[in-house]
Amino acid sequence: MKRLLSLQDDYEVLGFSLSAEPDVISIKLRVPDFDMGELRAVQWKQRENGFITAEELMKVQRAGYQRPILVPARPEPRDVATLRKQERQRAFAGYRKPAWE
């Protein structure tokens, strides 16, 4: 049950519903049909460079966002063990925290 409830932390989920009956547990996940990582890359590029191409803007708009700044940030997991695991992975990969964090 914990694993089912933590799916929102591990995956991009637009909607989540869980229903239980005496002999059935039903879960519905609504996931995007576009690549959120790619949209966040466009968002980051706009922040860094101050501009994006028309093709990148069209990708963002096809996903349902008017501007790249409106693309939501990746949700942070609430599970402490997952947060620690991510920090260890960043440390061993040579990730350096930006000064503003």
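The values are calculated or read from the model by the stated rules, or taken from the named source; none is laboratory data. These figures come from a predicted structure and were not determined experimentally. When we count neighbours, we look across all protein chains shown, and the Cβ atoms used for this are built from the backbone with ideal geometry, even at glycine.
For the range 26-70, the set of residues classified as within 28 Å of K2 (Cα to Cα) and touching a residue at least 24 places away in the same chain (Cβ under 8 Å) consists of P32, F34, M36, listed by residue number.
Among the residues of the range 44-70, write down those that are closer than 19 Å to L14 by Cα and either modelled with pLDDT of 85 or more or β-branched (V, I, T) (or both). So that I can check it myself, show each step before the final result.
Step one: of the range 44-70, the residues closer than 19 Å to L14 by Cα are 59-70.
Matches in the range 44-70: V60, I69.
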